[in-house]
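Participant: Right, I'll just put the structure down here and ask away after.
The values are calculated or read from the model by the stated rules, or taken from the named source; none is laboratory data. Nothing here was measured: the structure is a model prediction, and the numbers come from that model. Cβ coordinates were reconstructed from backbone atoms using ideal geometry, including for glycine residues, and neighbour counts include every protein chain displayed. What goes into the accessible areas is simple: the full protein's heavy atoms, side chains included, and nothing from ligands, DNA or RNA. Shrake-Rupley method; radii C 1.70, N 1.55, O 1.52, S 1.80 Å.
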Amino acid sequence: MIEHIKIEDIVQIAKRAGDAIMQIYVKDFSVEFKDDKSPLTEADKKANNIIEDGLNALDKKIPILSEEGKMISYEERKEWEYFWMVDPLDGTKEFIKKNGEFTVNIALIHKNIPILGVVYAPALNEMYWAVEGQGAFKDGHKLPLTINQSPEKKLRIVASKSHLSTETQEYIDQLAQLTESIECVSKGSSLKLCMVAEGSADIYPRLAPTMEWDTAAADAIVRESGKMTYSYPTVEKVVYNKENLLNPWFVVKATL
């Protein structure tokens, strides 16, 4: 059914959305707040329209579930075999702070598994993509770019820039007992998963709330790089299109 979907087309849609985001990023812009108190900007809305229009132009029969689109009941969603999961601007807080660490996230989900993912960081000009069975890439280079050959000597941990929970810090403290030294890096948006995929970080623990659209695209990249996103503490693979779209706590790392 989806053989006609080309990763190059999704990359171009993400770039167009990123260009629109950057036009707003360089100006003064207003910030609204949604019911859950999370921020919303003109860039979120504009990027969402570009992505939905682009995906519908490729195939109107594949439904879209977007953070900024209309919410769809589980009764309807559970029948989907394929669907797009979109976060048009992941890391809105980083966008507002103007630190560049925000992304456009587009994933194709088959049943409950991300099988295609594009993550574009327009302010950093970094493009990640993956297709199931075809590998993961950053700007055309196959992932991982580096492999830590001695994790017992040094572990590189990436954590949230805006949402570092007490539980996550305790997890990091436990890891410190298993290696000689730990290097901790803070990063915004889905770039944290991409760092594990590329090998610039070994582990990303997220023992705090996230939504499925926050992780789906980058999770496809993680899986095709030979890593995995495991729920914590159960160590089951994270799945998508659940009745409740809230992710479990999770840890991104090398496959067990």
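Participant: Here are the criteria: (1) assigned to a loop (DSSP other than H, G, I, E, B); (2) farther than 27 Å from K161 by Cα; (3) of a type in the set (D, E, K, R). Tell me which single one E101 does not satisfy.
Facilitator: (2)
Participant: Return the total of residues in region 18-37 being within 21 Å of V119 (Cα to Cα), in contact (Cβ under 8 Å) with a residue 40 or more places away in the chain and either in contact with a Leu (Cβ under 8 Å, 6 or more places away or on another chain) or open to solvent by 20 Å² or more (accessible area, probe 1.4 Å) (or both).
Facilitator: 4
Participant: Counting only residues that are under 25 Å from M127 (Cα atoms), of a type outside the set (S, T, Y) and surrounded by 15 or more Cβ atoms within 10 Å (Cβ to Cβ), how many does region 161-200 have?
Facilitator: Number satisfying all stated conditions: 13.
Participant: For region 201-212, does any single residue satisfy the condition of being part of a loop (DSSP other than H, G, I, E, B) and open to solvent by 50 Å² or more (accessible area, probe 1.4 Å)?
Facilitator: Within region 201-212, one or more residues are part of a loop (DSSP other than H, G, I, E, B) and open to solvent by 50 Å² or more (accessible area, probe 1.4 Å).
Participant: Okay, next question. Starting from residues that are open to solvent by less than 30 Å² (accessible area, probe 1.4 Å) and hydroxyl-bearing (S, T, Y), keep the ones in region 213-249 and report whichever is nearest to W80 (Cα to Cα).
Facilitator: Per the criteria, the residue is Y240.
Participant: Can you tell me which of I115, I96, I62, I106 is of a type outside the set (D, E) and part of a loop (DSSP other than H, G, I, E, B)?
Facilitator: When all the criteria are applied, what remains is I62.
Participant: Kindly indicate whether any position in region 227-248 is assigned to a helix (DSSP H, G or I), more than 15 Å from the chain's Cα centre (by Cα) and aliphatic (A, V, I, L, M).
Facilitator: Looking for residues that are assigned to a helix (DSSP H, G or I), more than 15 Å from the chain's Cα centre (by Cα) and aliphatic (A, V, I, L, M), one finds none in region 227-248, hence no.
Participant: Any chance region 154-172 includes a residue that's among the polar types (S, T, N, Q), within 30 Å of A47 (Cα to Cα), modelled with pLDDT under 90 and in a loop (DSSP other than H, G, I, E, B)?
Facilitator: yes
Participant: Pick from E132, E68, E126: which is of a type outside the set (V, I, T), over 20 Å from N48 (Cβ atoms), out of contact with any Ser or Thr (no Cβ under 9 Å at 6 or more places or on another chain) and surrounded by 13 or more Cβ atoms within 10 Å (Cβ to Cβ)?
Facilitator: Exactly one residue qualifies, and that residue is E132.
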